[in-house]
Amino acid sequence: MRQSQLFTKTRREAPSDETSKNAQLLIRGGYVHKEMAGVYSYLPLGRRVLEKIERIVREEMDAIGGQEIRMATLHPSEPWKQTGAWENVDVVFKIMSRTEKEYTVGQSEEEIVTPIAQEYALSYKDLPLAVYQIGQKYRDELRAKSGVMRGREFTMKDMYSFHETQEDFDRFYAVAKEAYLKVYERCGLTAKATEASGGSFTKKLSYEFMVLTDAGEDDILYCDKCPYCANVEITKEKEGDACTRCTKSGKLTRAKASEVGNIFDLGTKYSHDFNYTFRDAEGNQQYPIMGCFGIGVTRLMGVAVEAFADEKGIVWPESVAPFAYHLISLAPDDGPVRAFGDELHETLAKRGVEILYDDRKGVSAGEKFADSDLLGIPHRIVISKKTVADGNVEIKERTGAEMRIIAKTDFLSSLG
């Protein structure tokens, strides 16, 4: 993509009404556009990041047997009233139509997915079943904050599983937990599976997946020697206590963290609410055990910004960066430099290398470097009159200080 054709522009100053780092940098970089508190539009660069995250999530959910569907966003009120959520869940948007019928826009999908499964998974032979979607969610937050990390509209992957027995659910629960940790690792993040209360969904213990960040809204205690981690709100333990879960004499450390996913054992609540039963091997009717598995996609984007940004701007992990390379021409008006840059851009694009080509005219070298730092693309290629005359390019990593001069042919060979 040519940067001269990118309709968005960078901004030098952060918007005055944003206090979170992720929102300030994403708006300055032209990744998102704020519509109102807690609601953002995702622009070309932002959409590319979301697509990378969604692809990783999709691949890991498919790998454990999840089947992707797309559920309705506009929900009738009746199933929500049937489960009690219409009256008891305070973040549900309620909409009255001109026909005096009540609707909501989905903030979760139990009320939609359970009747779907009820229609198709009627026998133990149809179980286990796991379906998921990646789509928009809406919550009537009283105080939307933390930029794209906590909003009124956001993108989420939610998966729902149905099981014949508790034992089978427990098996899948463990499999999903490991898949979640793979998702975060592939996104360049280290997440901790934190024990927490199931909240309004269930009284059973659940897992929240937390990434350590000063911008986090939760306080956790984690062991410095083993994977044990707990939300401060549900544990009697305190910082400095010995970890009771490991054999390595670990100590508990307190930290701020941001939730990037959760998994719940829903039991048979929704099965009972909809009188959903299946026929077991003996021909008896049983209620399936259900599970709920959520990953905040837009939230992950914001957490990545918070976790890796430096004083110059965003630093994307390579796996979710909008482009792998940022090709910067310091002399786009010069014929040989322009021809060199155009050819290099075309060659890399044909090889499938994701590249943003800064071919803008009338923009100083300092501005281009500042923009590149702000955008956070992992690898930078710089061409100028001097490098082009020698058939070279300059290579720099976003997080490194060293600039390497290398022949263009050697650079292309290094890419394979």
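It is to be established whether one or more residues within region 174-183 are part of a loop (DSSP other than H, G, I, E, B) and crowded, with 16+ Cβ neighbours inside 10 Å.
No, there is no match, as no residue in region 174-183 is part of a loop (DSSP other than H, G, I, E, B) and crowded, with 16+ Cβ neighbours inside 10 Å.
Tell me, please, whether a residue that is farther than 20 Å from Asp410 by Cα and either in a helix (DSSP H, G or I) or assigned by TED's automatic domain parsing to the domain that holds Lys408 (or both) can be found in region 376-384. Within region 376-384, one or more residues are farther than 20 Å from Asp410 by Cα and either in a helix (DSSP H, G or I) or assigned by TED's automatic domain parsing to the domain that holds Lys408 (or both). Screening region 186-204 for residues that are out of contact with any strand residue (DSSP E or B) (no Cβ under 6 Å at 6 or more places or on another chain) and more than 19 Å from Glu110 (Cβ to Cβ) and picking the one that is modelled with the lowest pLDDT gives Thr190. Scanning region 149-168 for residues that are at pLDDT below 95 and not in a loop (DSSP other than H, G, I, E, B) yields Met149, Arg150. Hey, does region 82-96 have a residue that's in contact with a helix residue (DSSP H, G or I) (Cβ under 6 Å, 6 or more places away or on another chain) and hydroxyl-bearing (Ser, Thr, Tyr)? Yes, the conditions are met somewhere in region 82-96.
The number of residues in region 241-253 that are closer than 10 Å to Asp224 by Cα and of a type in the set (Lys, Arg) comes to 2.
For region 20-32, the condition holds for no residue, the condition being that it is exposed (fewer than 13 other Cβ atoms within 10 Å of the Cβ) and assigned by TED's automatic domain parsing to the domain that holds Asp140.
Summed over region 131-147, residues that are touching a helix residue (DSSP H, G or I) at 6+ places or on another chain (Cβ under 7 Å) and modelled with pLDDT of 95 or more total 3. Ala401 meets all of the listed conditions (1) among the aliphatic types (A, V, I, L, M); (2) modelled with pLDDT of 95 or more; (3) outside any helix (DSSP H, G or I) but one, namely (2). At least 1 residues being out of contact with any Lys or Arg (no Cβ under 6 Å at 6 or more places or on another chain) and within 14 Å of Met301 (Cα to Cα) is the threshold, and among the strands (runs of 3 or more DSSP E) wholly inside region 9-110 those reaching it are 32-36, 39-42. Per the listing Leu412, Leu375, the residue uniquely modelled with pLDDT of 95 or more and either within 28 Å of the chain's Cα centre (by Cα) or under 24 Å from Asn22 (Cα atoms) (or both) is Leu375. Filtered by the rule that a residue be hydrophobic (A, V, I, L, M, F, W, C) and in contact with a strand residue (DSSP E or B) (Cβ under 9 Å, 6 or more places away or on another chain), region 1-45 gives Met1, Leu6, Ala23, Leu25, Leu26, Ile27, Val32, Ala37, Val39, Leu43, Leu45.
The values are calculated or read from the model by the stated rules, or taken from the named source; none is laboratory data. Keep in mind that this is a model prediction, so the values were computed, not measured. As a convention, Cβ positions derive from the backbone with ideal geometry for all residues, glycine included, and neighbour counts pool all protein chains shown.
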